[in-house]
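*Asks:* The following block contains the structure, expressed as structure tokens.
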Amino acid sequence: MKKIIALFMMVAMITLMTSVASAATVEEKKQSVRKAVEDTLDRLYKVQPDARDAVESYAGYAVFNDISTKLFITGGSKGKGIAVNNNDKTEIFMRMAEVQFGLGFGIKEYSVIFVFETEDALNTFVHQGWEFGGQATLAATDKVNGGSLQGAVSASPGVWMYQLTTKGLAAEITAKGTRYYKDSDLK
């Protein structure tokens, strides 16, 4: 019972922090997201140094930092991030939302980094949004052993994905009803 009360208190604190953060200006919010993205990329490069080459040399990338909460049979997560076109350095501020079903409870922080081989793949992600079906599991391929995409999984043709937890590169990457979309508050 004490664990459940502690979990509810943590969720309440996150909600309070979110409402306090909303008092910041648009530029302050953008800078906060940029800093979080920079920190995430630094963490990725520490656990997967070759990822820097893919992130910097492909058509673009997107980085999201997410908080996931799960209580009994339902859960969800929300997060913010940036998609970057490496050709013209355009930044598109985005959000993500996820719905989960299944047993469990807890709070987890994680980051997702997408690398886009082509500008078309990046544009599709940014302008059409993107959803993964519930219970979809992404699998790594053998085609990138030792290369700049080592440790990434193929999310779709021309799109690679890394997932970090506080413990480093995730061993398994799954998506459950996840949607990525433009952040209308940070245009």
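The values are calculated or read from the model by the stated rules, or taken from the named source; none is laboratory data. These numbers were taken from a predicted model, which means no experiment stands behind them. Neighbour counts run over all protein chains shown; Cβ positions are idealised from the backbone, glycine included.
*Asks:* Could you grab me the full set of residues in the range 1-53 that are assigned to a helix (DSSP H, G or I), loosely packed, with under 12 Cβ neighbours inside 10 Å, β-branched (V, I, T) and modelled with pLDDT of 60 or more?
*Replies:* V26
*Asks:* If you check G168 against the conditions, is it in contact with a helix residue (DSSP H, G or I) (Cβ under 8 Å, 6 or more places away or on another chain), of a type in the set (G, A, S), under 21 Å from I67 (Cβ atoms) and at pLDDT below 65? Break it down into steps so the answer makes sense when it comes.
*Replies:* Numbers: in contact with a helix residue (DSSP H, G or I) (Cβ under 8 Å, 6 or more places away or on another chain): yes; of a type in the set (G, A, S): yes; under 21 Å from I67 (Cβ atoms): yes; at pLDDT below 65: yes.
So G168 passes the test.
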